[in-house]
Amino acid sequence: MKKIANVVIFLCVCCLVFAKTGEAEDPIIIAAPDTTVNKTPFTFTEQGVTISISQCSAYPADHQWNSLGVTYFACLASESITFSAEQPIKGLAINGWVKQNFTATSDHGTLAYLSDDYDDVTGAPVLTLSDVDNTSVTIHCDKQLRCFSVEVYFTANPDNPQGEIQDTVRFVALTAEAQDYSEDTAYSSPGHYSYWLQLAPESVYPQVWLDMYAGTKGDLSGEYSLYDYNVGDYTYVQLSDDIWDYEYAYDQEFAISKTENGYHVEGWIICENEVRYEFSYDGPIELSAAGEEALDQISDESLPITNKIIHDSQLLILRGEKVYTIDGRLLVE
């Protein structure tokens, strides 16, 4: 009897120590609650982790509106889901489903997720967060995210999703300059004026170059996308000062509006390296002459070390007094 009592005391002490330190098993696995929620804010707490969704739908596996046949809770499109705990969260892994062309951002950590341009995707995990190192983290979902279960890590990072992963890089640009092709009839026509807008952050790279066509000459404001037929083929991201270290964009969407200080720019591009670059900028945008005139300035000492122009429908790279084609062939020395 004494031995049993000692065991009981030992277990109680362990429980008290656990309660005091707040240390948890790694990872904690939280299953979707067996409840029904229809397009409303929803919060629940399990195993010391609070999950709060700004607009949620949740259905049991056998619910008539549940087409997946798996119990889930969903963060709806353009809404946010927040995970909170008493101790810092290291990482998260969500086993679930995402809507076609799903995208997301987070306020802490490194985000990775599956996404498909043509179909919905299921994954275990379908989304992960690493290196959160904070007691709370919020994920904003552009498209719907359905969670079957959530793994919460406190000491290690989860393994990334297996499949077509889309990483997201977000930056605030500090400088902006637009090369102006609006006077060049080879690239511009009435209501379709060509500009090449460069956005650069404090760290200089990555730089985003937006190949765009404004509706009004001298006014960059508007909404731009492939579906609006006002972006070109030469949008890309420059990753370093190596002129060949760049990635072309295969999808893009951004909006530019006038402000008291100049312009507000907000948008994203998805490049061939399967990284989504999200950017914003507030301030003036200088317009500089481009096109034919740029080639005439090759010997100008004020020419930037590296510059890119379009000449005779060809993308060219200027470096010092040399002109290269995009595949590295020297044209002018």
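The values are calculated or read from the model by the stated rules, or taken from the named source; none is laboratory data. If you're wondering where the values come from, they're calculated on a predicted model, not measured in any experiment. All Cβ positions, even for glycine, are placed from backbone atoms using ideal geometry, and neighbour counts span all protein chains on display.
Conditions tested, residue by residue: (1) free of Cβ contacts under 8 Å to residues at least 60 places away in the same chain; (2) closer than 19 Å to Ile89 by Cα; (3) touching a strand residue (DSSP E or B) at 6+ places or on another chain (Cβ under 8 Å); (4) loosely packed, with under 15 Cβ neighbours inside 10 Å.
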{"position": "Asp119", "(1), (2), (3), (4)": "yes, no, no, yes"}
{"position": "Ser130", "(1), (2), (3), (4)": "yes, yes, yes, no"}
{"position": "Asp133", "(1), (2), (3), (4)": "yes, yes, yes, yes"}
{"position": "Cys141", "(1), (2), (3), (4)": "no, no, yes, no"}
{"position": "Ser149", "(1), (2), (3), (4)": "no, yes, yes, no"}
{"position": "Thr155", "(1), (2), (3), (4)": "no, yes, no, yes"}
{"position": "Asp159", "(1), (2), (3), (4)": "no, yes, yes, yes"}
{"position": "Gln162", "(1), (2), (3), (4)": "yes, no, yes, yes"}
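In the range 186-209, is there at least one residue being touching a residue at least 60 places away in the same chain (Cβ under 8 Å) and more than 30 Å from the chain's Cα centre (by Cα)?
yes
A quick yes/no check of all residues on (1) part of a loop (DSSP other than H, G, I, E, B); (2) in contact with an Asp or Glu (Cβ under 8 Å, 6 or more places away or on another chain):
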{"residue": "Thr122", "(1), (2)": "no, no"}
{"residue": "Pro125", "(1), (2)": "no, yes"}
{"residue": "Thr135", "(1), (2)": "no, yes"}
{"residue": "His140", "(1), (2)": "no, yes"}
{"residue": "Pro158", "(1), (2)": "yes, yes"}
{"residue": "Pro161", "(1), (2)": "yes, no"}
{"residue": "Asp167", "(1), (2)": "no, yes"}
{"residue": "Ala173", "(1), (2)": "no, no"}
{"residue": "Thr185", "(1), (2)": "yes, no"}
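Which pairs have Cβ atoms under 7 Å, sit 6 or more apart or on different chains, and link a residue in the range 34-63 that is over 18 Å from Trp97 (Cβ atoms) to one that is of a type in the set (Asp, Glu)?
Close Cβ pairs (under 7 Å, with a partner that is of a type in the set (Asp, Glu)) amount to Gly48/Glu86; Ser54/Glu79.
Can you tell which of Thr122, Thr138 is of a type outside the set (Asp, Glu), closer than 25 Å to Tyr277 by Cα and modelled with pLDDT of 95 or more? Write out each step before concluding.
Numbers: Thr122 fails: modelled with pLDDT of 95 or more.
One residue alone meets the criteria, Thr138.
Can Asp62 be described as touching a strand residue (DSSP E or B) at 6+ places or on another chain (Cβ under 7 Å), modelled with pLDDT under 95 and over 30 Å from Ile269 (Cβ atoms)? Even if it seems obvious, please write down each step before you answer.
Numbers: touching a strand residue (DSSP E or B) at 6+ places or on another chain (Cβ under 7 Å): no; modelled with pLDDT under 95: yes; over 30 Å from Ile269 (Cβ atoms): yes.
Answer is no for this residue.
Which condition breaks for Gly123 when tested against (1) over 30 Å from Thr35 (Cβ atoms); (2) in contact with a Leu (Cβ under 6 Å, 6 or more places away or on another chain)?
Result: Gly123 passes all but (1).
Test Tyr250 against the criterion of being hydroxyl-bearing (Ser, Thr, Tyr), part of a strand (DSSP E or B) and modelled with pLDDT of 95 or more, and give yes or no.
Working: hydroxyl-bearing (Ser, Thr, Tyr): yes; part of a strand (DSSP E or B): yes; modelled with pLDDT of 95 or more: no.
Judged against the criteria, Tyr250 is not a match.
Can you find a residue in the range 171-181 that is under 28 Å from Leu114 (Cβ atoms) and of a type outside the set (D, E, K, R)? Please lay out each step first, then the result.
Initial filter on the range 171-181 (under 28 Å from Leu114 (Cβ atoms)): 171-172.
Narrowing the set further to residues that are of a type outside the set (D, E, K, R) leaves 171-172.
Yes.
Does Glu79 satisfy being modelled with pLDDT under 95 and out of contact with any Leu (no Cβ under 8 Å at 6 or more places or on another chain)? Let's see the steps before the verdict.
On the way: modelled with pLDDT under 95: no; out of contact with any Leu (no Cβ under 8 Å at 6 or more places or on another chain): yes.
When the stated conditions are applied, Glu79 does not pass them.
Could you go through the range 324-331 and let me know if any residue there is surrounded by fewer than 12 Cβ atoms within 10 Å (Cβ to Cβ), part of a strand (DSSP E or B) and modelled with pLDDT of 80 or more.
In the first step, residues of the range 324-331 are kept if they are surrounded by fewer than 12 Cβ atoms within 10 Å (Cβ to Cβ); the result is 327-330.
Cutting the leftovers down to part of a strand (DSSP E or B) gives us 330.
Now restrict to residues that are modelled with pLDDT of 80 or more: none.
No, because not a single residue in the range 324-331 is surrounded by fewer than 12 Cβ atoms within 10 Å (Cβ to Cβ), part of a strand (DSSP E or B) and modelled with pLDDT of 80 or more.
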